[in-house]
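**Q** This is the structure, below, for whatever I ask next.
The values are calculated or read from the model by the stated rules, or taken from the named source; none is laboratory data. Since this is a predicted model, take the numbers as computed values, not measurements. Cβ placement follows ideal geometry from the backbone for every residue including glycine, while neighbour counts extend to all protein chains displayed. Please note that ligands, DNA and RNA were not included when accessible areas were found on the heavy atoms of the full protein model with its side chains. Shrake-Rupley method; radii C 1.70, N 1.55, O 1.52, S 1.80 Å.
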Number of protein chains: 2
Amino acid sequence: MFEQVDLAEKLSPKAYKQVMPALDRRFAALQRRAIESGLPVIVVFEGWEAAGKGTLINRMIRELDRRHFKVYAVDGTTEEEELRPYYWRFWRRLPPRGKMSVFNRSWYTRVLQDRVSGAVKKSELPGAYEDINHFEKLLSDDGTLVIKLFLHITKKEQERRYRKLEKRKALAWRITRDDWVHHKHYKKYETVAEEVFARTSTPIAPWHVIPAEDHRLATVRIVEVVSAAIESTLDRRHPHPESSAPPAPRSRRKRKSVLDEVDLSKSISWDEYSDRIDRDQKRLGDLEYQIYAERIPVVIVYEGWDAAGKGGNIKRLAQSLDPRAYEVAPFGAPNEVESRYHYLWRFWNAVPKAGHVTVFDRSWYGRVLVERVDKLCTEAEWQRAYDEINDMEAQLTGFGAVLVKFWLQIDKEEQLRRFHERETKPYKRWKITDDDWRNREKWDEYAVAVDEMLARTSTKAAPWTVVESNSKLYARLKTLRTVIKAIKSRR
Amino acid sequence: MFEQVDLAEKLSPKAYKQVMPALDRRFAALQRRAIESGLPVIVVFEGWEAAGKGTLINRMIRELDRRHFKVYAVDGTTEEEELRPYYWRFWRRLPPRGKMSVFNRSWYTRVLQDRVSGAVKKSELPGAYEDINHFEKLLSDDGTLVIKLFLHITKKEQERRYRKLEKRKALAWRITRDDWVHHKHYKKYETVAEEVFARTSTPIAPWHVIPAEDHRLATVRIVEVVSAAIESTLDRRHPHPESSAPPAPRSRRKRKSVLDEVDLSKSISWDEYSDRIDRDQKRLGDLEYQIYAERIPVVIVYEGWDAAGKGGNIKRLAQSLDPRAYEVAPFGAPNEVESRYHYLWRFWNAVPKAGHVTVFDRSWYGRVLVERVDKLCTEAEWQRAYDEINDMEAQLTGFGAVLVKFWLQIDKEEQLRRFHERETKPYKRWKITDDDWRNREKWDEYAVAVDEMLARTSTKAAPWTVVESNSKLYARLKTLRTVIKAIKSRR
């Protein structure tokens with residue numbers, strides 16, 4: 001794409017002063033429209049060292065309402081970031097509805113700088129490209145506009161700028177050895193960048209190469225490109241593209257659920273249970289110190305029918321763990337802040353650090369369970385969620401996480417028995433709500449959703465374990481042992 | 001307090017089994033009551049090394065609903081924490097309404113471990129104690145229950161436990177040289193701990209020394225003490241103690257405001273302005289690189305009348321800064337999540353890292369301005385806010401932050417002129433809302449609140465600067481220069 005850009009073009013100060021105020025006003029007006037219609041916007045700045053990213057970002061945002069955007073410099077890695085999967089750092093910086101995030105360098109670091117430096121190997125490239133394209137598709141599917149700019153200057157211009165900075169005493173420290181190494185490898189970067197454009201310029205998130213030798217021209221082009229992208233997105237779409245679509249007619253015959261095959265008669269005596277539980281808890285406790293020492297993150301997901309015993313089960317699991325190294329993260333309906341983001345955002349925020357355990361008491365599977373059944377999202381949304389979830393889990397396990405997912409299975413009669421028990425025992429009454437009864441009425445719909453979930457998200461690295469839970473004791477031992485086995489097999 | 005504790009006392013397994021289930025049930029029931037009535041609870045665990053803090057915390061929480069508490073280990077310092085004032089790490093971990101935070105070690109580290117190790121000097125102690133007492137008072141005033149436990153074992157028992165751990169291969173690594181140093185200084189710690197009790201045992205947050213040689217006895221005592229504290233707090237108070245109190249009658253005669261003395265005729269020509277603004281912006285830009293290099297945090301607070309020009313003023317200030325190193329943090333009414341916390345919580349969350357700049361577009365002063373005038377808090381609440389704010393700011397400046405506070409002053413006529421202008425110019429219309437007109441009607445009440453704010457929160461380290469803003473150009477230059485001067489005087 002570089003050869004399409006004319007670096008000789010210049011803009012006179014006079015012409016700049018003539019066009020810029022109107023462009024700024026238009027851009028500010030578009031920002032307000034984006035705010036009003038809840039459009040999240042991401043602007044990625046990549047480009048050559050000394051191409052002027054910082055200055056041009058600053059110029060671009062000048063007339064915007066500062067309460068509605070943030071600028072993030074992706075520069076080095078903090079300890080917090082190092083201990084979590086690569087994309088965690090970007091999830092944290094995604095814009096909520098109506099806001100803008102400007103990235104000074106981005107998730108392209110891996111296929112640009114890290115690739116040239118050798119930190120990312122050639123064999124890792126296909127995966128890295130896939131991650132990028134999946135990430136941007138996921139954002140775009142959720143309604144986020146992704147605009148990608150590459151600031152282009154020649155090798156000669158780069159050298160000229162380095163020399164100029166070195167001459168200014170106060171700024172000389174900004175030019176480091178790395179910058180000169182980068183300069184020496186200009187040609188290599190050029191080839192790499194062309195490959196990046198080829199692999200990641202998609203209809204939903206195309207690259208724009210910006211001629212950046214002339215500061216005025218670059219400013220005009222940037223504001224133009226970003227404005228045009230926002231405008232065409234706003235014009236094209238309804239504020240909430242999918243929610244207004246009528247739900248697709250669905251005719252599902254009642255069919256056999258895989259859950260029907262689960263042997264719920266499995267049980268265990270109290271004596272046997274007391275005998276084993278202590279031993280298993282101790283084993284897990286010892287393992288925890290080892291995963292801590294070896295910096296392995298552990299993610300444990302609990303899903304299951306209401307009253308299937310998630311709470312008691314998690315309690316027994318947690319008892320064996322050192323509270324400094326684990327956290328139980330409960331998830332219900334998203335709150336006001338969470339609902340302004342992609343549905344996966346709040347789960348990414350809770351991802352454990354390497355060496356720590358997070359138990360998810362309900363999880364991202366809500367998208368294909370309650371949100372599907374209660375029509376809190378569109379069919380298109382939950383349909384694509386399977387892939388999105390598999391991607392997220394692949395990122396976790398790819399980072400080295402142990403990932404265990406439990407579906408706590410009981411039958412309808414057992415649920416009824418437990419509901420009644422909760423209603424009659426005063427100290428259990430707080431556990432039962434009208435929602436539980438309402439969900440129960442939708443048992444068959446849930447069964448279909450669970451079947452599909454198990455089929456479409458059981459992967460080798462992240463398999464589901466269906467836990468026969470009519471016997472609470474049996475279920476507790478089984479989850480404990482499954483976790484122990486999963487950790488051991490990873491070590 | 002140590003001598004009041006009988007370490008010889010023991011509890012038989014049988015007696016333990018008899019009393020513990022009822023205690024657990026009562027504790028769990030109290031947790032539910034605390035959740036329902038929105039009581040935030042903090043439990044602090046301090047005590048000797050090897051006193052069993054981790055295990056006992058784990059035991060204490062066993063029967064609680066895991067979705068409503070978190071355990072935090074205060075152990076070492078992350079990079080994120082090091083770059084911010086000491087209490088930032090605790091503010092982040094405060095429980096919202098209805099939740100519980102359990103601290104394994106706490107803000108007492110400074111007056112216990114750090115003092116014995118010499119990291120905190122004797123001359124710093126009075127300040128450290130004051131910080132602790134202010135922090136706990138602030139929490140308590142806001143309705144948070146603070147329970148503090150010190151787990152006590154003898155020097156002999158500590159040695160016995162170390163030796164036992166060292167004998168178990170899998171656990172030997174847990175005993176470090178530091179632990180033995182700690183052991184050697186047992187006597188010194190004892191004296192220090194007694195001093196800590198004497199200085200920080202207050203009626204609102206007394207210390208409880210727990211005999212921890214016998215694990216069963218310790219468990220019973222901990223659950224008893226914590227339950228009793230929660231119960232008596234719940235019994236004593238209404239869910240929202242103050243909000244039901246009738247507002248105190250206030251009879252204020254209209255009197256002269258200090259704001260009336262401000263010379264709003266100050267102005268500057270466009271030529272002079274254009275001439276200076278570039279130069280000053282460049283100076284500030286250069287300074288920014290220096291504060292970054294020297295790791296000085298900068299906090300800039302903007303308050304002022306509606307239409308006083310905060311937005312435009314902030315824009316000119318921000319133009320000179322590198323967007324990687326500053327952030328504009330806008331604050332309106334608290335959202336659903338924020339309103340579950342202490343009113344200062346969201347501002348603590350936005351405190352800049354050392355080397356960075358945060359511009360607060362409205363701030364914690366909302367408590368003594370809009371919340372006072374619109375009666376969104378009680379008089380008692382805004383009255384004590386002055387001290388709380390001064391404390392917070394003292395922590396910022398004590399950490400080395402440059403803190404600049406602007407009140408943008410215009411007169412009532414100028415505001416009216418600007419409101420009309422906003423209504424008539426289409427591209428400015430979004431800036432004016434009904435709220436603005438409503439606020440204008442309360443001009444006199446606001447003037448009283450501003451007067452009192454300026455008088456009670458202008459401190460040497462954090463003085464207010466009233467910016468004459470009838471001339472926007474004059475105001476922009478003045479804020480720029482004030483910031484430049486403040487940074488220079490710190491360096």
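**Q** If we hang a label 7 Å off Cα along the beta carbon direction at residue A:270, how far is it from the matching labels on the other copies, in nm, shortest first?
**A** 9.0
**Q** Once you sort the root eigenvalues of the Cα gyration tensor of the stretch B:362-491 as a ≥ b ≥ c, which label holds: rounded (a/c under 1.5), prolate (a/b larger than b/c) or oblate (the other case)?
**A** Because a/c hits 1.5 or more and a/b fails to exceed b/c, the stretch B:362-491 counts as oblate.
**Q** Collect residues whose amide H, placed 1.01 Å from N in the peptide plane, falls under 5 Å from the amide H of residue B:71; neighbours closer than 5 in sequence don't count.
**A** Sorted by chain and number, the residues that satisfy this are B:102.
**Q** Classify the stretch A:1-79 as rounded, prolate or oblate, taking a ≥ b ≥ c as the square roots of the eigenvalues of its Cα gyration tensor: rounded when a/c is under 1.5, otherwise prolate if a/b is larger than b/c and oblate if not.
**A** Cα axes put the stretch A:1-79 in the oblate bin.
**Q** Do you know which residues of the stretch B:80-95 lose at least 20 square angstrom of accessible area in the protein assembly compared with their chain on its own, with a 1.4 angstrom probe?
**A** With the partner chains in place, the stretch B:80-95 has these residues losing at least 20 Å²: B:80.
**Q** Shifting gears a bit: At a probe radius of 1.4 Å, figure out the B/A buried accessible area, summed over both chains, and give it in Å² to the nearest 100.
**A** 3900 Å²
**Q** Averaged over B:322-330, how many beta carbons belonging to a partner chain fall within 10 Å of each residue's beta carbon?
**A** Other-chain Cβ atoms within 10 Å of each residue's Cβ, averaged: 6.
**Q** Let me ask something else about it. Shielding by partners for B:63-70, please: the mean number of other protein chain Cβ atoms within 10 Å of each residue's Cβ.
**A** For this peptide, the per-residue mean of nearby foreign Cβ atoms is 4.
**Q** Run through the other copies and list how far each one's label point is from that of residue A:413, in nm with one decimal, shortest first; the point sits 7 Å from Cα along Cα-Cβ.
**A** So the distances to the same position in the other copies read 8.8 nm.
**Q** Still on this structure, please answer the following. In whole Hz, what ³J(HN,Hα) sequence does the stretch A:260-275 give by Karplus (6.51, -1.76, 1.60; θ = phi - 60°), x for Gly and Pro?
**A** The phi angles translate into 5, 7, 5, 7, 7, 7, 4, 7, 7, 6, 4, 4, 4, 4, 4, 5 Hz.
**Q** Sticking with this one: Non-local amide H neighbours of residue A:466 (under 5 Å, H modeled in plane, Pro and chain starts lacking H): which ones?
**A** HN-HN under 5 Å from residue A:466: A:407.
**Q** I want to check the label-to-label distance for residue B:293 and residue B:417. Put each point 7 Å from Cα in the C-beta direction and report it in nm to one decimal.
**A** 4.4 nm
**Q** Next question. For the stretch B:1-103, calculate the relative contact order in percent as a whole number, restricting contacts to Cα pairs under 8 Å that are 6 or more residues apart.
**A** Answer for the stretch B:1-103 is 41 percent.
**Q** I'd like the accessible area for residue A:337: 1.4 Å probe, protein heavy atoms, all chains in place, Å² to the nearest 10.
**A** Spelled out: residue A:337, probe radius 1.4 Å, area about 30 Å².
**Q** May I ask which residue of chain A has the beta-carbon nearest to the axis carrying chain A onto chain B, and at what distance in whole Å?
**A** Closest Cβ on chain A to the axis mapping it onto B, in Å: A:336, 2.
**Q** Across the stretch A:366-381, in residue order, what do the Karplus-derived ³J(HN,Hα) couplings come to in whole Hz, using 6.51 cos²θ - 1.76 cosθ + 1.60 with θ = phi - 60° and x for Gly and Pro?
**A** Residue by residue, the stretch A:366-381 yields x, 4, 9, 10, 4, 5, 6, 5, 8, 6, 7, 9, 7, 4, 4, 5 Hz.
**Q** Taking all protein chains together and a probe of 1.4 Å, list A:183, B:185 from the most accessible to the least accessible.
**A** So the residues, ranked largest to smallest area, are B:185, A:183.
**Q** Does the stretch B:295-447 classify as rounded, prolate or oblate by the C-alpha gyration tensor (a ≥ b ≥ c root eigenvalues; a/c under 1.5 gives rounded; else a/b over b/c gives prolate, otherwise oblate)?
**A** The shape class here is oblate.
**Q** Would you pull out the residues with amide H under 5 Å of residue B:47's amide H, same chain only if 5 or more places away, H placed 1.01 Å from N?
**A** Amide H to amide H, under 5 Å and 5 or more residues apart or across chains, residue B:47 pairs with B:151.
**Q** If you don't mind, another one. Take peptide B:46-56, look around each residue's Cβ out to 10 angstrom, count Cβ atoms belonging to other protein chains, and average those counts.
**A** Whole-number average of other-chain Cβ neighbours for B:46-56 is 1.
**Q** With a 1.4 Å probe and every protein chain left in place, work out the accessible area per residue of chain A in Å², rounded to a whole number.
**A** Solvent-accessible surface per residue comes out at 46 Å².
**Q** Which links in B:310/B:425; A:375/A:478; A:122/A:187 stretch past 22 Å when you go from one Cα to the other?
**A** Where the Cα-Cα span goes over 22 Å, the pairs concerned are A:375/A:478.
**Q** Using Cα pairs under 8 angstrom and six or more residues apart, how large is the relative contact order of chain B, in percent?
**A** 18 percent
**Q** Each residue of the stretch A:404-412 in order: what ³J(HN,Hα) in whole Hz does its phi give by Karplus 6.51 cos²θ - 1.76 cosθ + 1.60, θ = phi - 60°, with x for Gly and Pro?
**A** These are the phi-based 3J(HN,Hα) values: 10, 10, 10, 10, 8, 9, 10, 9, 5 Hz.
**Q** Of all accessible surface on chain B at a 1.4 Å probe, what whole percent is carbon and sulfur?
**A** For chain B, the apolar C and S fraction of the accessible surface comes to 51 percent.
**Q** Past 28 Å, Cα to Cα, is the threshold; run A:442/A:488; A:99/A:137; A:266/A:353; A:353/B:405; A:184/B:282; B:137/B:184 against it and keep the listed order.
**A** Exceeds cut-off: A:442/A:488; A:266/A:353; A:353/B:405; A:184/B:282; B:137/B:184.
**Q** Taking a label point 7 Å from Cα toward Cβ, how far is residue B:21 from its twins in the other copies, in nm, shortest first?
**A** For residue B:21, the other copies' label points sit at 8.3 nm, shortest first.
**Q** Here's a follow-up. In the full protein assembly as shown, how much of residue A:472 is accessible to a 1.4 Å probe, in Å² to the nearest 10?
**A** My reading of the accessible area for residue A:472 is about 80 Å².
**Q** Probe 1.4 Å, all protein chains in place: accessible area of residue A:178 in Å², nearest 10?
**A** For residue A:178, solvent-accessible area is about 110 Å².
**Q** By how many degrees, 0 to 90 and rounded to 10, does the Cα axis of helix A:125-141 deviate from the longest principal axis of chain A?
**A** 80 degrees
**Q** Could you sort B:257-264, A:389-396 so that the peptide with the highest average Cβ count within 10 Å comes first and the rest follow in order?
**A** Final packing ranking: A:389-396, B:257-264.
**Q** Hey, another quick one. Let me have the 222 nm mean residue ellipticity of chain B computed from DSSP H runs of 4+ only, each contributing -39500 (n - 2.57), with the sum over all residues rounded to the nearest 500.
**A** Here the helix-only value at 222 nm equals -15000 deg cm²/dmol.
**Q** For a quick check of your reading of the filter: which trypsin sites (Lys or Arg not before Pro) in the stretch B:136-223 sit in a DSSP loop and have no more than 16 other Cβ atoms within 10 Å?
**A** Passing both the DSSP loop test and the Cβ count: B:168.
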